[in-house]
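The numbers here are math on the coordinates, done by the rules we state, and not lab data. Just so you know, these numbers come straight off a predicted model, no measurement behind them. Methodologically, a virtual Cβ is constructed for each residue, glycine included, from the backbone with ideal geometry; neighbour enumeration extends over all protein chains shown.
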Amino acid sequence: MEKNKITKSDLIEADNLLEEASSVFENCINCGKCKSLCPAFAVLKEENYSPRGHAINLQQKILEKALFQCTLCKVCEETCPMHLKICDGVLKGRQALVLKGKGMQL
């Protein structure tokens with residue numbers, strides 16, 4: 001089975017999604033309240049897997065497969081003092097990864 005080719009349009013859309021994902025985290029104050037309750041961080045114990053890690057990476061326009069470890073449980077959103085829609089940012093980041101051909105491999 002042939003892999004889908006990544007088009008210029010896909011890359012443009014991925015860049016737009018990355019901008020949107022990054023903007024979700026613009027007001028993140030890196031307090032870490034989200035990190036202490038995150039189930040993915042509790043198991044994996046690496047900053048990249050925490051909501052704060054996603055915020056830092058996406059603000060720096062760094063896409064990582066760590067975004068696929070998020071359970072989208074929204075406990076981070078419930079504890080965020082800035083009321084950020086963290087899961088929306090994670091989903092946009094995931095979409096950008098897929099468009100760039102870096103999504104989860106089945």
What pairs come out if I take residues in segment 49-74 that are farther than 12 Å from residue 91 by Cα and pair them with residues that are basic (Lys, Arg) and in a helix (DSSP H, G or I) whose C-beta lies under 6 Å away, six or more apart or interchain? 50/35; 52/35
Of all residues in segment 75-101, which are over 13 Å from the mean Cα position of the chain (by Cα) and among the basic types (Lys, Arg)? 100
Exactly one condition in (1) under 27 Å from residue 101 (Cβ atoms); (2) out of contact with any Pro (no Cβ under 6 Å at 6 or more places or on another chain) is false for residue 82; which is it? (1)
Picking from 91, 44, 63, the residue that is among the aliphatic types (A, V, I, L, M) and in contact with a Lys or Arg (Cβ under 8 Å, 6 or more places away or on another chain) would be 63
Would you check if there is a residue in segment 10-24 being in contact (Cβ under 8 Å) with a residue 12 or more places away in the chain, part of a loop (DSSP other than H, G, I, E, B) and of a type outside the set (Val, Ile, Thr)? no
Working only within segment 25-48, note down all residues that are buried (at least 20 other Cβ atoms within 10 Å of the Cβ) and either more than 17 Å from the chain's Cα centre (by Cα) or in contact (Cβ under 8 Å) with a residue 60 or more places away in the chain (or both). 25
Out of (1) assigned to a loop (DSSP other than H, G, I, E, B); (2) surrounded by 13 or more Cβ atoms within 10 Å (Cβ to Cβ), the odd one out for residue 81 is which? (2)
Of all residues in segment 25-48, how many are within 20 Å of residue 91 (Cα to Cα), assigned to a helix (DSSP H, G or I) and not small (Gly, Ala, Ser)? 8
Among (1) exposed (fewer than 13 other Cβ atoms within 10 Å of the Cβ); (2) among the charged types (D, E, K, R); (3) part of a loop (DSSP other than H, G, I, E, B), the one test that residue 102 misses: (1)
